[in-house]
Amino acid sequence: MNGLNNVHPLVIKFGGTSVGGGAQFANAAGIVAGAAADRPVAVVVSAMSGTTDTLLGYADATDDGASRTRVGATREGSLAELHRALAERHLAAAREAVSPEILPGVERRVLELLRELVEAIGAPDANGPAARRARIAVFGERLSAAILAGAISSQGAPAAVVSGDPIATDGDFAEAEVDASGTRERCSRYVAPLLGDGRVAVVPGFVGRSPEGLPTTLGRGGSDLSATVVGRGIGASEVWIMSDVDGVLDADPRLVPNAALLPELSYREAGDFAELGAKVLHPRTMEPASEVGMEVLVRNTFNPDCPGTRVTDAEGRGRPLRRAAPQPLGRAAVRDGPPPGGLGRDLHRVAGRAGPSPRRGDPAAGRHQPGPRRHRRRGPRLRRLRGEGRGGPARTARGPRLPRRGSRRGGRVKRVEIVQLGLGYVGRAVAQIVIEERKRWLETLGLDLRYRAVADTSGALVGEELLPQAIRLKEDGGKLSELGVEPVEDVLRTEPEEGTTRIVVDLAVHGGTFDLDLLGVQNGSCLVLSNKGPLSGGSEQYESLMDAAGDRLWYEATVGAGMPIVSTLKGLVETGDEVLEIQASPSGTLGFIMSAVEGGRSFSEAVKEAVALHYAEPDPRDDLSGLDVARKAIILARTMGREIEPSEIPYESLVPEGLEAVPLPEFMERLPEADEEFAARMSAVRENHMLRYLARIPAEGPVEVGLTEAAVETPFGPINGPENVFDFRTRRYSDVTLTVTGPGAGPERTASGVIGDMLDIVGKIVRDREGLA
Ligand SMILES: Nc1ncnc2c1ncn2[C@@H]1O[C@H](COP(=O)(O)OP(=O)(O)O)[C@@H](O)[C@H]1O
Ligand SMILES: N[C@@H](CC(=O)OP(=O)(O)O)C(=O)O
């Protein structure tokens, strides 16, 4: 590749839609590698689509550096869930787009960034909430930049992420103003050396640096602007804005299916289209470009043959615009008077039919409406146009109108109360979903759902007035007794109000809830479990619970989190099929560790990573011991109709010998002692086989739990990361088995399984009772 002196560099910007997953990263990397063969290339990349919303949602839902979550404000719930969600998505994308030699470095960087994000969230809020928001939001772009650089290098064009943010800005953290000369200086420090070295420079878009060196953002959608700002800073001749549309169209294609491509626009026309809501461009993108005469091409990442829209300083070259007769509304929308040929009508089509894009504008509003920048002039007509746009289709979507409590039309309200045992990760996720969704359930299902009590090991907090505080308290590691508790047994002994069904929801992770569950069902409650303990103990105990509960027991979330495993199994049996054997890889933690070791990491590194990603329990021995898998195996075996004792299921432990009982820090420190032996075991695996931790549960004969060599062509071969696989061989599914695959871990997913059971109870039990009444 030539140095900067020979050829003007090209800037290619990929929006979030162009890097939405692993395949898209690989595709984008291919485009860069192709272009980099001819000239120096700097790449500006956005966050994976949706990531900025997630991060800002988290920032807004947390009060301060202590990262408390305001109940009801977000589903992201906990920091752990945010970490897990981001890690899962970015690592999966990296694994798909980055070659095996480069991958470990990229994975390390992703995890390092996530650690920094957690630190940034917890850091004191010294510079105010806007600074905190920006500090959190920029991680989306930092993560995608790391992956894209790896993906580009994997395609043979050496690439690196810039070591410092090249865009200098003022101190407006949400919608920072660019400092052009400061940016030039920073570009020559951080971008030019990479290009001079023959490498592709990857720049996180959207991100700037305040004069004090703090992270700022250029406003929602600001990566387009980053691209032309960097282009100006490095003397580029051309900037490509890559998105998921063929270019700037004469209407939003999501709303007007036959929208036509505008092959050429002037800077001014493109700017006006963007101002009026053509989301494909940030409204200020053209300012740096027009200042130095850089060409901007708006192109489709997924349709590289399409030339796209070419934006230059040539006024009125967009032929299709000339066809349209001027319209007063549109004409008024043009800042400096109508352009030749009547741009007005097309502007109307671009913005008016779609309504203004909800994306740009007031940063305080989160999602922006098209809004003027501080120094932009905008006429009164334009403001009216925007006002009128508010009634347009883009804004009509509203949630259903909710009836007043107990006033459901056309049916009796079903009253259900919850006594929840456990307010850990899963318990909090369940409570949050209930709080957020119950108004809708009242409207759609006629379900009036309330908390009677939540309990932890310190007792039961009765009523739901203090539930939000209870959630926060538990997030901070407190005990419910700080808010005033009663013995859980006392609550379970009370009768529910007349006409109310009680559900005891056992989400505890510790033992000791069996007696409470039993008491609940003996007093007529339904029981929903994610806690495996009550169903995986001795037969006598199990039978006593089953006898007392009868058909009032649900336990989908005990196996495979929110995946439909128990219901699939029951469905097979109930429809008269005969289950011959279930083979399963039911541990997200062990699945992750095995595939990480296959990917080149040592056993100890893989375990540490599983802990960092919150896949494993804080003490990973709980997973490594195999006990968790054995418990799931016994629950499945019992659901198949087998009478079985836990002692009949020997399970293989992956906890290195001698480290079973040492304190956790010592365990983690000494874990590398086991690396060599584990590596030897991996390399002894037969060709075309993978080492997997599986449970095999036949209809008869021994249940097996432990490491097994699985042929690559079986459903267990391709397991990657924390994936679970359940393979059912039945009389009806014998030639081809029935396989259920998916992520089988995570508080929110487990909570989905629990909530699904609760809604099932409403559908069945409450309806039956109403019928009987
Ligand atoms: N006039 C228009 N021309 C092209 N795209 C438009 C227009 N108006 C709205 N859009 C929308 O802009 C989207 C692309 O912008 P955006 O979602 O920000 O992409 P990216 O994440 O790639 O930056 C398109 O999918 C399209 O629906
Ligand atoms: N990620 C930022 C910046 C951005 O420009 O994104 P995109 O290129 O996907 O519109 C946002 O969502 O606002």
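Readers should treat all values here as calculations from the given coordinates under stated rules, not as data from a laboratory. Everything numeric in this text was worked out from a predicted model, so none of it was measured. Backbone-built Cβ (ideal geometry, glycine too); neighbour counts: all protein chains shown.
Here the contact order of segment 10-243, divided by its residue count and restricted to Cα pairs under 8 Å and six or more residues apart, works out to 28 percent.
Under the combined filter of DSSP loop state and at most 16 neighbouring Cβ atoms within 10 Å, segment 667-773 retains these chymotrypsin sites (Phe, Trp or Tyr not before Pro): Tyr733.
List every residue whose amide H lies under 5 Å from the amide H of Gly219, counting only residues 5 or more places away in sequence or on a different chain, with H placed 1.01 Å from N in the peptide plane. Amide H to amide H, under 5 Å and 5 or more residues apart or across chains, Gly219 pairs with Ala176. For segment 84-134, applying the loop criterion from DSSP together with a ceiling of 16 other beta carbons within 10 Å to the GluC sites (Glu not before Pro) yields Glu101.
Within the set Lys414/Lys479; Lys570/Lys764; Lys414/Lys764; Lys439/Lys474, which residue pairs have Cα atoms separated by over 23 Å? Please report the intermediate quantities before stating the final value.
Numbers: Lys414/Lys479 32 Å; Lys570/Lys764 16 Å; Lys414/Lys764 11 Å; Lys439/Lys474 25 Å.
Flagged as over cut-off: Lys414/Lys479; Lys439/Lys474.
Charges were assigned to the Cβ only: +1 to each Lys and Arg, -1 to each Asp and Glu. The resulting dipole of segment 76-225 about its Cα centre is roughly 280 debye. Relative contact order, whole percent, for segment 566-745 stands at 35, derived from Cα pairs under 8 Å and 6 or more residues apart.
In units of 2.2 N^0.38 Å, what is the alpha-carbon radius of gyration of segment 10-243?
On the way: Rg = 16.7 Å, N = 234, 2.2 N^0.38 = 17.5 Å.
Computed over Cα atoms of segment 10-243, the ratio equals 0.96.
Amide hydrogen proximity for Ile418: with H placed 1.01 Å from N in the peptide plane, the residues at 5 or more positions away or on another chain lying under 5 Å are Arg450, Tyr451, Arg452, Ala453, Ile503. Positive-end ranking of Ala699, Leu671, Pro646 along the dipole of segment 566-745, with charges on Cβ about the Cα centre, is headed by Ala699.
Where does each of Ile644, Ile649 land when they are ranked from fewest to most other beta-carbon atoms within 10 angstrom?
On the way: Ile644 17, Ile649 22.
Going from sparsest to densest Cβ surroundings: Ile644, Ile649.
Derived scalar couplings between HN and Hα for segment 471-479 equal 5, 4, 4, 5, 4, 8, x, x, 10 Hz in order, rounded to whole Hz, by the Karplus curve 6.51 cos²θ - 1.76 cosθ + 1.60 (θ = phi - 60°), x for Gly and Pro.
Taking loop as defined by DSSP and a crowding limit of 11 other beta carbons within 10 Å, which GluC sites (Glu not before Pro) in segment 479-509 fit?
Working: sites: Glu482, Glu489, Glu497, Glu498; in loops: Glu497, Glu498.
Listed in order of number, the matching sites are Glu497, Glu498.
Shape class for segment 566-745, computed from the alpha carbon gyration tensor (a ≥ b ≥ c): prolate, with a/c not under 1.5 and a/b above b/c. As a proxy for reagent exposure, Asp623, Asp727, Asp490 were ordered by neighbouring Cβ count within 10 angstrom, fewest first; the result is Asp490, Asp727, Asp623. Within segment 566-745, antiparallel bridges make up roughly 95 percent of the DSSP beta bridges whose residues both belong there.
So how do Val138, Val413 line up by other beta-carbon neighbours within 10 Å, fewest first?
Details: Val138 25, Val413 16.
Least to most surrounded, the residues fall as Val413, Val138.
Using the Karplus relation 6.51 cos²θ - 1.76 cosθ + 1.60 with θ = phi - 60°, the per-residue 3J(HN,Hα) values for segment 508-518 come to 5, 10, 9, x, x, 9, 4, 4, 5, 4, 5 Hz, with x marking Gly and Pro.
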